[in-house]
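The values are calculated or read from the model by the stated rules, or taken from the named source; none is laboratory data. Please read these numbers as outputs of a predicted model, since none were measured by experiment. Cβ placement follows ideal geometry from the backbone for every residue including glycine, while neighbour counts extend to all protein chains displayed.
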């Protein structure tokens, strides 16, 4: 699971959870995967990304990648910044670990890179 | 005709756990090929496939229809074996676009964040009429078939989710049985402010299948 997926997942599917976002990450095994840089893709994705959630994901995993505190407009044209976003969104692969609902603490396992977001019926209704 | 993705890595034993691509899957691939120009001109950034199964449909789309585009695929399946099979299929076929797989029901955990943000949705749903929908337990392969009453219980939820996810010009392609669903599907689409048209039809030995396309209804100001 890459952070571009983490950024789109919420646990408000659980009964009683309001936002369920961002999910906390407990990463047990993380790999770096080289992906070809595509500026156009990152530029198009940028408006879809919740920047603060991405920053907290990076800090949860504990990787040494400093993202600026605020996503200013000038940054969105800055190649160095876009390459950093590419790296953080696409090149970090969480192989094993779990996602944790920020409100209930419910854990969603990640195995072989695939998060399991399934809930039992009693958790939904 | 584009070649079908290589599925030689999937064995007989895999097909006791996941849906084996059949005439419906191949009809879906043909429909995507018919729609090639429309899909390419949409230039989809975010694509969602509900119930990706073996991964054949998205792999085909990525390799042949959108090979020169930069797109991100979010693939989901309720069946963990389907998720790992899809992972193997895109690796086997050297897919270069981003494939992200999540083990979940339709796109439920994505609905909030991807609302109005998905350009293209694909679904080969469980459409066989059954007493109830299977979505848990040991026989998850049944989830690939069991469509519930009239075969449309899962389909109805998928259309509702598509109505939340699609961008203004987004498209949702889906397989259905012609027999009992055209009128019903049109009504469900209408309820969620979508329009539906039939893209392709094919009669097989046992059933008559259609591929349908949903899009957002234009509001009156645009008409």
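Overview of results
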{"item": "Unique match (being more than 17 Å from residue B:213 (Cα to Cα) and either over 14 Å from the mean Cα position of the chain (by Cα) or outside any strand (DSSP E or B) (or both)) among B:156, B:150, B:161", "result": "B:150"}
{"item": "Condition met for residue B:151 (within 9 Å of chain A (Cβ to nearest Cβ) and either buried (at least 22 other Cβ atoms within 10 Å of the Cβ) or in contact (Cβ under 8 Å) with a residue 24 or more places away in the chain (or both))", "result": "no"}
{"item": "Any hit, segment A:105-113, residues being on the phi > 0 side of the Ramachandran plot, within 12 Å of chain B (Cβ to nearest Cβ) and either surrounded by 15 or more Cβ atoms within 10 Å (Cβ to Cβ) or touching a residue at least 12 places away in the same chain (Cβ under 8 Å) (or both)", "result": "yes"}
{"item": "Residue ID - modelled with the highest pLDDT, chosen from residues in segment A:68-101 that are surrounded by 16 or more Cβ atoms within 10 Å (Cβ to Cβ) and assigned to a loop (DSSP other than H, G, I, E, B)", "result": "A:101"}
{"item": "Within segment B:114-128, considering residues that are away from chain A (no Cβ under 12 Å) and buried (at least 17 other Cβ atoms within 10 Å of the Cβ), the one modelled with the lowest pLDDT", "result": "B:127"}
{"item": "Pairs with Cβ under 7 Å, 6+ apart, first in segment B:203-223 and at pLDDT below 85, second part of a strand (DSSP E or B)", "result": "B:207/B:177"}
{"item": "Residue that is modelled with pLDDT of 90 or more and farther than 18 Å from residue B:104 by Cβ, where the choices are B:149, B:191", "result": "B:191"}
{"item": "Cβ-Cβ under 8 Å pairs, at least 6 apart or on other chains, segment A:64-82 side closer than 14 Å to residue A:43 by Cα, far side not in a helix (DSSP H, G or I)", "result": "A:75/A:68; A:81/A:68"}
{"item": "Residue within segment B:157-168 that is touching a residue at least 12 places away in the same chain (Cβ under 8 Å), crowded, with 17+ Cβ neighbours inside 10 Å and over 30 Å from residue B:45 (Cβ atoms) present", "result": "no"}
{"item": "Top-ranked residue of segment A:34-55 - restricted to ones that are farther than 17 Å from residue B:72 by Cα and surrounded by 15 or more Cβ atoms within 10 Å (Cβ to Cβ), ranked as farthest from the other protein chains (Cβ to nearest Cβ)", "result": "A:55"}
{"item": "Subset of segment A:2-13 (residues that are over 19 Å from residue B:116 (Cβ atoms) and either at pLDDT below 95 or not in a loop (DSSP other than H, G, I, E, B) (or both))", "result": "A:3, A:6"}
{"item": "Scope segment A:114-125; condition surrounded by fewer than 13 Cβ atoms within 10 Å (Cβ to Cβ) and assigned to a helix (DSSP H, G or I); matching residues", "result": "A:121, A:122, A:124"}
{"item": "Failed condition for residue B:76, given (1) touching a helix residue (DSSP H, G or I) at 6+ places or on another chain (Cβ under 7 Å); (2) under 29 Å from residue A:49 (Cα atoms)", "result": "(1)"}
{"item": "Filter result for the condition that a residue is closer than 23 Å to residue B:71 by Cβ and touching a strand residue (DSSP E or B) at 6+ places or on another chain (Cβ under 9 Å), over A:100, A:92", "result": "A:92"}
